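S.K.: Before we start, here is the structure in question, set down as structure tokens.
The values are calculated or read from the model by the stated rules, or taken from the named source; none is laboratory data. Since the structure is predicted, the reported quantities are computational estimates derived from the model, not experimental observations. With ideal geometry, Cβ positions are generated from the backbone for all residues, glycine too; neighbour counts draw on all protein chains shown. Ligands, DNA and RNA are excluded from the accessible area calculation, which covers all protein heavy atoms including side chains. Shrake-Rupley method; radii C 1.70, N 1.55, O 1.52, S 1.80 Å.
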Amino acid sequence: MKLNTPSSHTWPTFDPGWVWLCGAGPGDPGLLTLHAVNALRQADVVIYDALVQEKILDWAPQAEHIYAGKRGGKPSPLQRDISLRLVQLAREGKRVLRLKGGDPFVFGRGGEEAQTLVQNQIPIRIIPGISAGIGGLAYAGIPVTHRDVNQSVTFVTGHDQSGNTPSSLDWDAISRGSQVIVIYMGMKHIAQIRDHLLAAGRPASETVGVVTTATTDDQQVLETTLGTIEADIAAARLTPPAIICIGQAVKMRQVLDWQSMAAGAAPRNLDPLGTSSDDAATA
Ligand code: SAH
């Protein structure tokens, strides 16, 4: 496969001494942006996180690859140390590519790193990526918004800096105001999150989708309900990283599970919400 660039387009030049903060998408290298590929091809050094699929580094064979995540039980480097390392490498005149899973500004601490860089007078460029809470769900056949389901969506982090469920979250407001709730980093505290939502009035029968290692070859999808989520996650032995989606949008997977359909399965239900009878009749 060859992707030609139209002659009308020029790509930004990665100048020495710059740091480009770039999203790598949720896993599938096909979900890298063209700007990400352009950056990977020019970088001298790539500093990447645990959520970045290593095969994405194959797009930057010329670069030094530095791992900045938690591995083998070793504690992760401190955020401040990573930021200062970026500053140091840029001052050495390197083209520094800081590669993060998903989108760098969605629960990725990209804002903090970028702030430190600017405070140290390092020039930066930001390259957004496809966030797991949107693209990862799409790979499971779950549309994060759907006209018959929701007019808003709330992205929530399942834990805060101290590792607990964020105390600042107003679960009552989220529960009332958002038909679809997408939770990042929610596996550890799923029981607490469930309790908050049930207490705030969400029904135990509400559909929930859990997508682990979304968009990779190891993607797993669990369809469950709010009431049974904890037991079902344990029974399926699911482990992070996982995106948890709560709401009726998950039902759309019955008709939109395109990966299963590509493998030959029939859609389970052409009208899972019971809202498109005219379309179904003509299908
Ligand atoms: N910046 C990232 C999110 C970082 S927070 C983004 O925009 O996607 C880390 C959390 O993201 C994980 O705990 C998990 O909830 C989610 N996540 C990231 N990649 C994922 C993947 N491939 N599959 C499922 N969840 C993922």
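S.K.: Can you list residue pairs whose Cβ atoms sit under 6 Å apart, with the first residue in segment 93-120 being open to solvent by less than 40 Å² (accessible area, probe 1.4 Å) and the second being polar (S, T, N, Q) and more than 7 Å from the ligand (Cβ to nearest atom)? Count only pairs 6 or more apart in sequence or on different chains.
M.R.: E113/S83; T116/S83
S.K.: Across segment 40-50, which residue is farthest from P12 (Cα to Cα) among those that are in contact (Cβ under 8 Å) with a residue 24 or more places away in the chain and more than 20 Å from the chain's Cα centre (by Cα)?
M.R.: V45
S.K.: Among strands (runs of 3 or more DSSP E) lying entirely in segment 1-104, which contain 1 or more residues that are of a type in the set (V, I, T) and within 16 Å of the ligand (Cβ to nearest atom)?
M.R.: 45-48
S.K.: Out of curiosity, is T225 closer than 29 Å to P29 by Cα and either of a type in the set (S, T, N, Q) or touching a Cys at 6+ places or on another chain (Cβ under 7 Å) (or both)?
M.R.: In short, no.
S.K.: Taking only segment 132-145 into account, find how many residues are open to solvent by 50 Å² or more (accessible area, probe 1.4 Å) and more than 18 Å from F107 (Cβ to Cβ).
M.R.: Adding up the residues that qualify gives 1.
S.K.: Pairs, please: C-beta under 8 Å, at least 6 apart or cross-chain, first residue among the aromatic types (F, W, Y) and in segment 122-136, second open to solvent by less than 30 Å² (accessible area, probe 1.4 Å) and away from the ligand (no atom under 13 Å from the Cβ)?
M.R.: Matching pairs, first to second residue: none at all.
S.K.: Here is a further query. Hey, can you tell me all the residues within segment 11-41 that are in contact with a Lys or Arg (Cβ under 9 Å, 6 or more places away or on another chain), open to solvent by 20 Å² or more (accessible area, probe 1.4 Å) and of a type in the set (V, I, T)?
M.R.: If the condition is that a residue be in contact with a Lys or Arg (Cβ under 9 Å, 6 or more places away or on another chain), open to solvent by 20 Å² or more (accessible area, probe 1.4 Å) and of a type in the set (V, I, T), then no residue fits.
S.K.: Between R176, R125, which is open to solvent by 40 Å² or more (accessible area, probe 1.4 Å) and in contact with a helix residue (DSSP H, G or I) (Cβ under 9 Å, 6 or more places away or on another chain)?
M.R.: R125
S.K.: Go through (1) modelled with pLDDT of 95 or more; (2) surrounded by fewer than 18 Cβ atoms within 10 Å (Cβ to Cβ); (3) among the charged types (D, E, K, R) one by one and return the number of the condition D160 breaks.
M.R.: Checking D160 against (1) modelled with pLDDT of 95 or more; (2) surrounded by fewer than 18 Cβ atoms within 10 Å (Cβ to Cβ); (3) among the charged types (D, E, K, R), the one that fails is (1).
S.K.: Also, I was wondering about something else. Within segment 230-241, is even one residue away from the ligand (no atom under 16 Å from the Cβ), open to solvent by less than 30 Å² (accessible area, probe 1.4 Å), closer than 23 Å to I174 by Cα and charged (D, E, K, R)?
M.R.: no
S.K.: Can you pull out every residue in segment 195-209 that is touching a helix residue (DSSP H, G or I) at 6+ places or on another chain (Cβ under 6 Å), not in a loop (DSSP other than H, G, I, E, B) and not small (G, A, S)?
M.R.: Across segment 195-209, the qualifying residues are H196, L197, T207, V208.
S.K.: Among the residues of segment 210-229 satisfying the criterion of being assigned to a strand (DSSP E or B) and touching an Asp or Glu at 6+ places or on another chain (Cβ under 7 Å), which is farthest from the ligand (Cβ to nearest atom)?
M.R.: Step by step, filter segment 210-229, then rank; the result is T225.
S.K.: Just need a number here: residues in segment 1-21 that are touching a residue at least 60 places away in the same chain (Cβ under 8 Å) and out of contact with any Gly (no Cβ under 7 Å at 6 or more places or on another chain).
M.R.: 6
S.K.: Looking only at segment 179-229, which residues are within 23 Å of the chain's Cα centre (by Cα), polar (S, T, N, Q) and open to solvent by 30 Å² or more (accessible area, probe 1.4 Å)?
M.R.: Those that are within 23 Å of the chain's Cα centre (by Cα), polar (S, T, N, Q) and open to solvent by 30 Å² or more (accessible area, probe 1.4 Å): Q179, Q192, T213, Q219, Q220, T225.
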